[in-house]
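Asks: For reference, the structure I am asking about is given below.
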Amino acid sequence: MGEAVMMRADPIVHVIDDDISVRESVCLLLSTVGFDCREYETVQDFLSGHEPSVSGCIVLDVRLPGMSGLEFQSRLGQLGITLPVVMMTGHTEAPMTLKALNAGAAHFLTKPFQAQEMIDAVSSVMASAK
């Protein structure tokens, strides 16, 4: 039983993307370098399953059904969520990138990204979150 509690305390990478292939690929990639990963299709799915006491980070797609990634990122503080964010999008535009970074995103990746870019971005925010 004590082991289960320790497992829950490990940092988690929360991947929020409406494309199942992206979610699965990112989680598979990150698991190969030792990260515990959870997948969510929408922001609402994440909010329903998020445990505030568990540290980690959010890998967040910009365009999502319901609340967009940019809107969610701008509301994190209001929601009491302090996890660092790595934004990703397949539809890059300079204003969108600036908006995300100005709102506090630690990194902004354009799909398709290199595997090492994602590993480096998540490693960076996870190290600073400790």
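Asks: Can you confirm whether region 121-128 contains a residue that is of a type in the set (Gly, Ala, Ser), under 25 Å from Thr32 (Cβ atoms) and modelled with pLDDT under 90? Give the steps one after another, and end with the answer.
Replies: Initial filter on region 121-128 (of a type in the set (Gly, Ala, Ser)): 121, 123-124, 127-128.
If we keep only those that are under 25 Å from Thr32 (Cβ atoms) as well, we get 121, 123-124, 127-128.
Retained after the next criterion (residues that are modelled with pLDDT under 90): 128.
Checking region 121-128: at least one residue is of a type in the set (Gly, Ala, Ser), under 25 Å from Thr32 (Cβ atoms) and modelled with pLDDT under 90.
Asks: Within region 98-106, identify whether any single residue is on the phi > 0 side of the Ramachandran plot and exposed (fewer than 12 other Cβ atoms within 10 Å of the Cβ), and answer yes or no.
Replies: Checking region 98-106: not a single residue is on the phi > 0 side of the Ramachandran plot and exposed (fewer than 12 other Cβ atoms within 10 Å of the Cβ).
Asks: Can you pull out every residue in region 40-58 that is free of Cβ contacts under 8 Å to residues at least 60 places away in the same chain and either closer than 12 Å to Asp17 by Cα or of a type in the set (A, V, I, L, M, F, W, C) (or both)? Write out each step before concluding.
Replies: So the first thing to find is which residues in region 40-58 are free of Cβ contacts under 8 Å to residues at least 60 places away in the same chain, and the list is 40-54, 58.
Across region 40-58, the qualifying residues are Tyr40, Glu41, Thr42, Val43, Gln44, Asp45, Phe46, Leu47, Val54, Ile58.
Asks: Restricting attention to region 42-67, which residues are more than 17 Å from Ser25 (Cβ to Cβ) and among the acidic types (Asp, Glu)?
Replies: Asp45, Glu51
Asks: Residues in region 91-104 that are part of a loop (DSSP other than H, G, I, E, B) and under 18 Å from His14 (Cα atoms): how many? Give the steps one after another, and end with the answer.
Replies: First pass over region 91-104, keeping only residues part of a loop (DSSP other than H, G, I, E, B): 91-93, 103-104.
With under 18 Å from His14 (Cα atoms) added as a condition, the list becomes 104.
Within region 91-104, residues that are part of a loop (DSSP other than H, G, I, E, B) and under 18 Å from His14 (Cα atoms) number 1.
Asks: May I pose another question? Give, as residue ranges, the strands (runs of 3 or more DSSP E) completely inside region 6-90 that count at least 2 residues that are touching a strand residue (DSSP E or B) at 6+ places or on another chain (Cβ under 7 Å) and either surrounded by fewer than 16 Cβ atoms within 10 Å (Cβ to Cβ) or of a type in the set (D, E, K, R) (or both).
Replies: 36-40
Asks: Under 8 Å between Cβ atoms, at least 6 apart or on separate chains: pull out the pairs that start in region 108-130 with a residue that is among the aromatic types (Phe, Trp, Tyr) and end on any residue that is at pLDDT below 95.
Replies: Close Cβ pairs satisfying both conditions: Phe108/Thr89; Phe108/Thr97; Phe108/Ala100; Phe108/Leu101.
Asks: Would region 52-65 turn up any residue that is within 13 Å of the chain's Cα centre (by Cα), of a type in the set (Gly, Ala, Ser) and within 17 Å of Asp120 (Cβ to Cβ)?
Replies: Yes; the residues of region 52-65 include at least one that is within 13 Å of the chain's Cα centre (by Cα), of a type in the set (Gly, Ala, Ser) and within 17 Å of Asp120 (Cβ to Cβ).
Asks: Tell me which residues, restricted to region 105-130, are farther than 18 Å from His91 by Cα, over 12 Å from the mean Cα position of the chain (by Cα) and not in a helix (DSSP H, G or I).
Replies: Listed by number, the list holds a single entry, Lys130.
The values are calculated or read from the model by the stated rules, or taken from the named source; none is laboratory data. Computed from a prediction, not measured in an experiment: that's the story for all the values here. Every residue, glycine as well, gets a Cβ built from its backbone with ideal geometry; the counts of neighbours run over all protein chains shown.
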